[in-house]
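See below for the structure under consideration.
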Amino acid sequence: THTPLLTHTHTTGIKTGLPAAAMPTAADGKIWLDRGDGKMIQTTQAAGALLQEANTLIATGNMDAGMAKMKEAMALDPSLAVMDEESDKKCIMMVTQMIMSGNIEMAEMILCKYYEKKCTTCPLDSWSMMQIVEAFVFLYKHKEGWDDMVFWASKATALVKAHKGERSTEMATSLSNFGLACGPLGRSEEAEEAFMKALSIHESLNGPTCLQVGQTCHNIALLFRNTQKMDKAEEYYERSRKVWVLEEQWALLAVSYKDSAIMYRNAAKFDLCFQMLDQAVATTKKITNFPPEQVEAQLQLQPFRKDCEERRKNAAT
């Protein structure tokens, strides 16, 4: 069963905590509805009934029929089509929950429908579009739809440039997303340029050892690793590790060591591989907020070691 859209956003519907017969009625015959954020609004009996039908249809996965009912309700009462920052947040929260639970197709459908409606009430180049654009970036990152992610990350970058400037935290975030999308598409030069600009912004705004610098260096290292530039990759892995140590981010440090080990394993440099793997194992002992078995389940260091040992054995024969 899908989460009812109407309980999350009053843009496409109204949350009704009471059955139709029990809804409080105003003196003029209209009914009061909770629009989904605790605020009460009035609408007609007919529009309210259509919204309830829409809610039922969407809850059972019948998105197109549900949206059609919503449009009928809005035609009867145009005030129901109000779109504001609060409705954006509720829609994005619902879509994010769907993405994280693996229901990506439904999340994409809802977000596309919401965006279509948003475009009718808001200029495409206004800052109020940013939350929706970022939600698309998040969606296609998890879907690994890299071409679509490039498209939406480019939109985000254009919005940030127009409203926040080229040296803002928002610009660094948008550039990093653009770089993450370009990498898998083989657009490594574009990815590197975007990451380096993001790194420069983070360093100038927050200093050379902030968490954002660590994450951006890690992204750059992955890009170089995947393009067989091992020396450059290790340089940026090392830069990220300095941040992780200062911030006591032991899980991220262990991941970094394992990533280096993967790089050296793939290059058949097994001595370096096992050095990095030993560092990863030692670092996991500093992780105290998760039980050791959970850490191992996430990092899979023991199976990775066995794989490396088998590869080294095969390479020697």
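When Ser87, Ser79 are checked against the criterion of being open to solvent by 30 Å² or more (accessible area, probe 1.4 Å), of a type outside the set (D, E, K, R) and at pLDDT below 90, a single residue qualifies: Ser79. Annotation: Glu248 fulfils all but one of (1) assigned to a helix (DSSP H, G or I); (2) farther than 30 Å from Lys313 by Cβ; the unmet one is (1). Need pairs with beta-carbon distance below 8 Å; first residue more than 15 Å from Ser256 (Cβ to Cβ) and open to solvent by 50 Å² or more (accessible area, probe 1.4 Å) and within region 275-303, second modelled with pLDDT of 95 or more and among the β-branched types (Val, Ile, Thr); sequence gap 6+ or separate chains. Hits for this filter: Pro292/Thr284.
Note on region 123-172: residues that are open to solvent by 70 Å² or more (accessible area, probe 1.4 Å) and either of a type in the set (Lys, Arg) or touching a strand residue (DSSP E or B) at 6+ places or on another chain (Cβ under 7 Å) (or both) total 5. One residue stands out among those in region 264-274 that are assigned to a helix (DSSP H, G or I) and in contact (Cβ under 8 Å) with a residue 24 or more places away in the chain: the one that is most open to solvent (accessible area, probe 1.4 Å), which is Arg265.
Can you tell me which residue in region 52-66 is modelled with the highest pLDDT, limited to those that are open to solvent by 20 Å² or more (accessible area, probe 1.4 Å) and closer than 17 Å to Cys112 by Cα? Among those that are open to solvent by 20 Å² or more (accessible area, probe 1.4 Å) and closer than 17 Å to Cys112 by Cα, it is Ala65.
The values are calculated or read from the model by the stated rules, or taken from the named source; none is laboratory data. Just so it is clear, the structure is predicted and the values come from calculations on it, not from any experiment. Reconstructed Cβ throughout: ideal geometry from the backbone, glycine too, with neighbour counts over all protein chains shown. Note: areas computed on protein heavy atoms with side chains; ligands, DNA, RNA excluded. Shrake-Rupley method; radii C 1.70, N 1.55, O 1.52, S 1.80 Å.
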